[in-house]
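Worksheet for the structure shown next.
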């Protein structure tokens, strides 16, 4: 049977019957999605890849516990969000020196510039850093909702299934998150402007 | 005569901020879109907020273009294979090197045994005294015969 035509549940069944290699199909199918969610939380390629590895290993380890009440995709998203949150909490507990070294890791989000103007690149980089700070400072649930919505392009219904809320609650959560983000971005932009004037 | 004027909905800053996403996503109706845009013409602050929001969305879209390492899936699978090996029952894990040693020792002893049996039964067709002689002795005998 063709890999693409096999549905997730069939693959899970054959993995549980001992065919570990079939798990590769699930990894190939979902690794980019998981990576983007992780990137939305940590904004760092290497860390996002480490988290992606962790997510798939946890998924493989607990595959026998997957009951199929929700889709595999929803279940995987839940694991991904949990691993990301654990990682963030762990980093918050890191001693200051470790956090500084993490900050200076060379592979922080590199955004391909679509302009050659150095001043515009600088402005964009400043805004990019500020956007990351603004996202990171959102309350946990708002942050999850905004990452799943913006980085994974999920609908409110899908987000609701992942974080066990009603669609209405997710809509309200997203509105609050966007308002918060807007306020933080505006204050950040003013700070960037003031810095440039000095 | 009264002229029926079309009701013009004026948008204030609060409305404008609340509807920025709908505007960006093209979800505003024509009338709302017009009043949103006319507010932007007179309100520099809301215009700035819209620009920031558009920039933020663009940054997120560009972050989404970052792709994971080509070998990531391979790394994941090799970690899983290692974990699978660790999951073998402990008795097999402990006994595996011992069993391997016993198998090698058995093979060597078997080889020696077969060798010795075949050596014992080998029929060279020569008397036992000659089979025990070395080449030097044979040469010595030949020399004596020539004399």
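For peptide B:68-75, the mean count of partner chain Cβ atoms within 10 Å of a residue's Cβ comes to 6.
Given R₀ = 30 Å, FRET efficiency for residue A:164-residue A:21 by Cβ-Cβ distance, to 0.05?
Values: r = 33 Å, r/R0 = 1.10.
The pair residue A:164/residue A:21 has a calculated efficiency of 0.35.
Listing A:84, B:46, B:13 from fewest to most neighbouring C-beta atoms within 10 Å gives B:13, B:46, A:84.
Please say if segment B:13-63 is rounded, prolate or oblate, where rounded means a/c under 1.5 for a ≥ b ≥ c the square roots of the C-alpha gyration tensor eigenvalues, and otherwise the choice is prolate for a/b larger than b/c and oblate otherwise?
Working: a/c = 2.56, a/b = 1.48, b/c = 1.73.
Note, shape of segment B:13-63 comes out oblate.
Averaged over the residues of peptide B:17-30, the number of Cβ atoms from other protein chains lying within 10 Å of each residue's Cβ is 1.
As a proxy for reagent exposure, ranking A:55, B:104 by other Cβ atoms within 10 Å from fewest up yields B:104, A:55.
Take each residue of peptide A:19-26, count the partner chain Cβ atoms within 10 Å of its Cβ, and average: the result is 2. Taken as Cα centroids, segment A:1-56 and segment A:153-178 sit 24 Å apart, rounded to the nearest whole angstrom.
Throughout, read-outs are computed from the coordinates displayed, never taken from laboratory work. Just so it is clear, the structure is predicted and the values come from calculations on it, not from any experiment. Cβ sites come from the backbone with ideal geometry, for glycine too, and all protein chains shown count toward neighbours.
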